[in-house]
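Reading through the structure tokens given below for one structure.
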Amino acid sequence: MIHTTRSAPAVGFRDVHLAFDSEPVLEGVDLELEPGRTTVLLGPSGAGKTTLVRTLLGLYAPDSGETVVDGRAVASLRADELAALRRRTGVLLGGSSVYDASLFGSLSLFDNVAYPLRAARHPAADAETWRILHEFELAGHATALPSEVSAGQRRRAALARALITAPDLLVLDDPGPALDLHNRDAVVRSVRRRTTRSGATALVVMHDLELARALGDRVGVLLGGRIVADGPVDEVLGGIVTAADLDARFGVRAALPVATAAERAAVARRARRQGLGEAWLLMGVLFAMPAKLSLALGSGMLANPAL
Ligand SMILES: Nc1ncnc2c1ncn2[C@@H]1O[C@H](COP(=O)(O)OP(=O)(O)OP(=O)(O)O)[C@@H](O)[C@H]1O
């Protein structure tokens, strides 16, 4: 296994605000990630978890507030500093489809997983790749393309690629879906080994309570643009088993966005305009069509009921 001597970074989200098209998504997020600890970020779909993660990767800059790594605001880093931060970060992006955002579709699983070490001209890149493929039970699929393996195998390959450089900052967006129980255990072991033994700082976005308990030291719950609960897993998730428990504790449903009267009116106006537009288009086509063609089309349709 690759070992590094760097110390893992402390990460802080400090009063982070971010809006898309003046729609606020993050409205003052405060969360601290400690080195050697895995912080699980929970929250309903659309709560802004991925958006928050992206501020840490320097993909989005907060409108106000800061996402800080080792005391430096990510948004203020120079290009070379941001590149250095990304090199020390193991990233798993969301998505378990055939086009998993974390994998190159035209490369085999082996070449995908080996990519970061080969790019860094690591002398033992291939040996390390075999080692981690074995760890994730993927060695038998080394030559397959991502589209030729299952969703769970793709997810594990993407995770193996995120971990192969022994990063001291792990940012994993939803590693859970498509993993069976056996592989979930393997993933939990692999991530925990990196945080507890190697002291990496980890932020893991997920929806799964069981996995959150198995993987996390701390949990932050993102709801309504803010962290509404943050603390040790047992404390924050104590007594919570079902989605209903989560709702009762944090008011998840009440915090979900609803369409405003103005948005409903805009949708209705657009639907009316589209309906009218389509009716005019149809009339235009019928009137503009030469008589012979419309006759031929009509008789063709009659002759072929499948048309
Ligand atoms: N590039 C973008 N442009 C406009 N709106 C966006 C953009 N990215 C995300 N959003 C909106 O921001 C909100 C939060 O999205 P985000 O992907 O961060 O949620 P999430 O908590 O990660 O959801 P999920 O659990 O479903 O992945 C959503 O309402 C989404 O539509």
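Among the residues of segment 212-245, the ones that are touching a residue at least 24 places away in the same chain (Cβ under 8 Å), touching a strand residue (DSSP E or B) at 6+ places or on another chain (Cβ under 8 Å) and either at positive phi or assigned to a helix (DSSP H, G or I) (or both) come to 6 in all. Considered as a group, the residues in segment 49-87 that are of a type in the set (Ser, Thr, Tyr) and not in a loop (DSSP other than H, G, I, E, B) include one that is nearest to residue 174 (Cα to Cα), and that residue is 50.
So in segment 59-68, with the set limited to residues that are of a type in the set (A, V, I, L, M) and open to solvent by 10 Å² or more (accessible area, probe 1.4 Å), which one is farthest from the ligand (Cβ to nearest atom)?
The first filter runs over segment 59-68 and keeps only residues of a type in the set (A, V, I, L, M), leaving 59, 61, 68.
Pick out the ones that are also open to solvent by 10 Å² or more (accessible area, probe 1.4 Å) and you get 59, 61.
Values: 59: 10, 61: 13 Å.
Within segment 59-68, the match that is farthest from the ligand (Cβ to nearest atom) is 61.
Residue check: residue 32 meets all listed conditions (1) more than 15 Å from the ligand (Cβ to nearest atom); (2) in a loop (DSSP other than H, G, I, E, B); (3) under 28 Å from residue 224 (Cβ atoms) but one, namely (2). Scanning segment 124-172 for residues that are of a type in the set (D, E, K, R) and crowded, with 24+ Cβ neighbours inside 10 Å, which turns out nearest to residue 9 (Cα to Cα)? Step by step, filter segment 124-172, then rank; the result is 161.
Of everything in segment 38-58, what is among the hydroxyl-bearing types (Ser, Thr, Tyr) and more than 6 Å from the ligand (Cβ to nearest atom)? Give them in sequence order.
Keep residues of segment 38-58 that are among the hydroxyl-bearing types (Ser, Thr, Tyr), which gives 38-39, 45, 50-51, 55.
Passing the criteria: 38, 39, 55.
When 40, 53 are checked against the criterion of being of a type in the set (A, V, I, L, M, F, W, C), open to solvent by less than 60 Å² (accessible area, probe 1.4 Å), under 18 Å from residue 233 (Cα atoms) and in contact with an Asp or Glu (Cβ under 9 Å, 6 or more places away or on another chain), 40 stands alone in meeting it. Among residues of segment 107-161 being under 20 Å from the mean Cα position of the chain (by Cα) and of a type in the set (S, T, N, Q), the one that is nearest to residue 90 (Cα to Cα) is 112.
The values are calculated or read from the model by the stated rules, or taken from the named source; none is laboratory data. Predicted, not measured: the structure shown is a model, and the values here were computed from it. Cβ atoms come from the backbone with ideal geometry, glycine included; neighbour counts cover every protein chain shown. Just so you know, the surface numbers come from the protein's heavy atoms only, side chains and all, with ligands and any DNA or RNA stripped out. Shrake-Rupley method; radii C 1.70, N 1.55, O 1.52, S 1.80 Å.
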